[in-house]
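Student: One structure is given below, represented as structure tokens, and several questions about it will come after.
The values are calculated or read from the model by the stated rules, or taken from the named source; none is laboratory data. Bear in mind that the values here come from a model prediction, so they are computed numbers and not experimental data. Heads up, the Cβs are rebuilt from the backbone with ideal geometry, glycines too, and the neighbour counts pull from every protein chain shown.
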Amino acid sequence: MNNNQATITKMKEMRLHGMAHAFQTTLEAGMSEKLTPDELLTHLIDSEWDERKDRKRDRLRKAAGFRYQASFAELDFNFDRKLDKNQMLRLTDCSWLKNGKDILITGPTGVGKSFIGSALGHLACEHGHKVLYRITGRLLGSLKKSKRDGSYLKMLSKLYKTDLLILEDFGLSMFDNESRLALLDIMEDRHGRKSTIFLSQLPVASWHGIIGDSTIADAIMDRIVYSSHRFELEGDSMRKKMYKNH
């Protein structure tokens, strides 16, 4: 085994896979002798950096549980659904995440709420943020179950450590007392610190009644509505339109 191959083996054993691959391809292309030591070192470190960044992004995406594989580039602003392109583009720097701002996306079924939420979530992963995409009813059901088995605080802690929580089908059914108290706990922890995206078929004005219990609903809505980014989509189902076109 020559020195270069021994070096590549050591890189792999140290889990420097990006660096090992870059060194291997540089040798095979006969470029190592054309690069100065500084240039070669920079190339190897950049390759390792990119490799680790890609692996982290893939891990974050897999852990999030997205409903759709979606990206900003795939968002269609031609459909007449009142999706403000400029407002959406202002979210691409993810400063809203750093500032703990929430996003409320409402509109009838089929107008693309889930796809937009997924695209925002993928963007967050690109920026290195932890994301969870959950059906609201199932998440609250899990929280109620965790109260009975003693893991409630642990589950709340996991949610708090999540930079972006995406709640699908928010307000699809009336909240019972356990559910609204769990939602209040979630929002109390996250308000102003972490971001939440709410995807709902119902207009925001009706959420107070769906949550129920005026006092608790006031507390929750106070944390959700003010200073959030809001998208109120309209129009017919995009799925129906696309189906008719095929």
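Student: Exactly one condition in (1) modelled with pLDDT of 85 or more; (2) outside the structural domain of His127 (by TED's automatic domain parsing) is false for Gly30; which is it?
Tutor: The number of the failed condition is (1).
Student: Restricting to segment 106-136, name every residue that is among the hydrophobic types (A, V, I, L, M, F, W, C), touching a strand residue (DSSP E or B) at 6+ places or on another chain (Cβ under 8 Å) and not in a helix (DSSP H, G or I).
Tutor: Val131, Leu132, Ile135
Student: Need the failing condition index for Met187 against (1) in contact with a Leu (Cβ under 7 Å, 6 or more places away or on another chain); (2) part of a helix (DSSP H, G or I); (3) under 27 Å from Cys125 (Cβ atoms), just the number.
Tutor: (1)
Student: Go through the residues of segment 90-98 one by one and say whether even a single one is touching a strand residue (DSSP E or B) at 6+ places or on another chain (Cβ under 6 Å) and either assigned by TED's automatic domain parsing to the domain that holds Gly192 or modelled with pLDDT of 95 or more (or both).
Tutor: yes
Student: When you go through (1) under 30 Å from Thr162 (Cα atoms); (2) free of Cβ contacts under 8 Å to residues at least 60 places away in the same chain one by one for Leu35, which number turns out not to apply?
Tutor: (1)
Student: What are the residues in segment 98-111 that are crowded, with 18+ Cβ neighbours inside 10 Å and either among the aromatic types (Phe, Trp, Tyr) or farther than 14 Å from Leu202 by Cα (or both), if any?
Tutor: Of everything in segment 98-111, those that are crowded, with 18+ Cβ neighbours inside 10 Å and either among the aromatic types (Phe, Trp, Tyr) or farther than 14 Å from Leu202 by Cα (or both) turn out to be Asp102, Ile103.
Student: Shifting gears a bit: Only one of these is outside any helix (DSSP H, G or I) and basic (Lys, Arg): Lys12, Lys62, Lys82. Name it.
Tutor: When all the criteria are applied, what remains is Lys82.
Here's the yes/no breakdown for (1) surrounded by 15 or more Cβ atoms within 10 Å (Cβ to Cβ); (2) within 27 Å of Ser71 (Cβ to Cβ); (3) assigned by TED's automatic domain parsing to the domain that holds Asp222:
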site: Leu123; (1), (2), (3): yes, yes, yes
site: Leu139; (1), (2), (3): yes, yes, yes
site: Lys145; (1), (2), (3): no, no, yes
site: Lys154; (1), (2), (3): no, no, yes
site: Lys158; (1), (2), (3): no, yes, yes
site: Leu172; (1), (2), (3): no, yes, yes
site: Leu181; (1), (2), (3): yes, no, yes
